[in-house]
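**Q** So that we are looking at the same thing, I have put the structure below in structure tokens.
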Amino acid sequence: MGKIVAAEANFSHNGGFPVDPQMWRWHEKECPGGPMMDPGVHPAETLQYLLGPVQSVSAFLNRLCLGEPRSSTTGAALLRFEVGGRGYLGSNFITPWVNYCNVYGTEGNLYLTVELPARKPDETPGQYGDLWNYADRKSALSFKRKGEDEKIKVDLAPGEISNRGVKEFAECIRAARPRNRRGKKPFRPWR
């Protein structure tokens, strides 16, 4: 991937719509970061796992669409990592599912997307059933080399997406090793 210069991640869903005053996410005191607390904490952890400690952060939170005093419904943060790279982290409670992590290097980029099933506005957390196994089957990792037009699909073995998939993604970056089964030339290490 060459030198890693940037990464971005977003994990969002429309789970803010069924939230009411009986739930912890309603109250700013219990959920001061709004969606950046949950689900945004998960991509924040992923970015730090991939790029190391964050040196500084600028963040913005807003209450949009849902009215009444409550915690924020949208959040975005710009990150400066100690290794010099920059990052974007986004999360909200008011859009259809979004779940991706992209890592950009001088020699190539990695793209991870996790497709999740549509969520009905009246669903509450815990009603998703087989959500993460569904997400595991619908995850996609691809790599695009500098100077090439098309992305190369990287095969992911089935498993528990929150552990195995992200761990494999991070190991590929850190060890500069693609899950390459097509005999293509491996990309360059970035460390």
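The values are calculated or read from the model by the stated rules, or taken from the named source; none is laboratory data. All figures in this text were calculated on a predicted structure; none of them were measured in a lab. Glycine also receives a Cβ, built like all others from the backbone with ideal geometry; neighbour counts cover every protein chain displayed. Please note that ligands, DNA and RNA were not included when accessible areas were found on the heavy atoms of the full protein model with its side chains. Shrake-Rupley method; radii C 1.70, N 1.55, O 1.52, S 1.80 Å.
**Q** Determine which single condition SER71 fails, assuming it passes every other condition in (1) more than 28 Å from PHE143 (Cα to Cα); (2) open to solvent by 20 Å² or more (accessible area, probe 1.4 Å).
**A** Only one criterion in (1) more than 28 Å from PHE143 (Cα to Cα); (2) open to solvent by 20 Å² or more (accessible area, probe 1.4 Å) is unmet by SER71, namely (2).
**Q** If you scan segment 20-66, which residues turn out to be of a type in the set (Phe, Trp, Tyr) and under 22 Å from ILE4 (Cβ atoms)?
**A** Hit for segment 20-66 is TYR49, nothing else.
**Q** Continuing with the same structure: Among residues belonging to segment 8-41 that are open to solvent by less than 60 Å² (accessible area, probe 1.4 Å) and polar (S, T, N, Q), point out the one that is nearest to VAL103 (Cα to Cα).
**A** My answer is ASN10.
**Q** Do we find that ARG177 is in contact with a helix residue (DSSP H, G or I) (Cβ under 8 Å, 6 or more places away or on another chain), modelled with pLDDT of 70 or more, among the basic types (Lys, Arg) and farther than 30 Å from ASN62 by Cβ in this structure?
**A** yes
**Q** Residues that are more than 26 Å from SER139 (Cβ to Cβ) and either among the polar types (S, T, N, Q) or surrounded by 20 or more Cβ atoms within 10 Å (Cβ to Cβ) (or both): does segment 80-99 have at least one?
**A** The answer is no, given that none of the residues of segment 80-99 is more than 26 Å from SER139 (Cβ to Cβ) and either among the polar types (S, T, N, Q) or surrounded by 20 or more Cβ atoms within 10 Å (Cβ to Cβ) (or both).
**Q** Next question. Of the numbered conditions (1) at pLDDT 90 or above; (2) open to solvent by 60 Å² or more (accessible area, probe 1.4 Å), CYS65 fails exactly one; give the number of that condition.
**A** Here CYS65 meets the rest and fails (1).
**Q** Right, next: Can you tell me how many residues in segment 71-113 are polar (S, T, N, Q), in contact with a Phe, Trp or Tyr (Cβ under 6 Å, 6 or more places away or on another chain) and more than 15 Å from VAL57 (Cβ to Cβ)?
**A** The total comes to 4.
**Q** Let me ask something else about it. Would you mind finding the one in GLU45, GLU82, GLU30 that is touching a helix residue (DSSP H, G or I) at 6+ places or on another chain (Cβ under 7 Å) and among the acidic types (Asp, Glu)?
**A** Step by step, each of GLU45, GLU82, GLU30 is checked, and only GLU30 is touching a helix residue (DSSP H, G or I) at 6+ places or on another chain (Cβ under 7 Å) and among the acidic types (Asp, Glu).
**Q** Hey, another quick one. So, in segment 56-97, of the ones that are among the hydrophobic types (A, V, I, L, M, F, W, C) and farther than 22 Å from GLY15 by Cα, which residue ends up farthest from the chain's Cα centre (by Cα)?
**A** This residue is VAL83.
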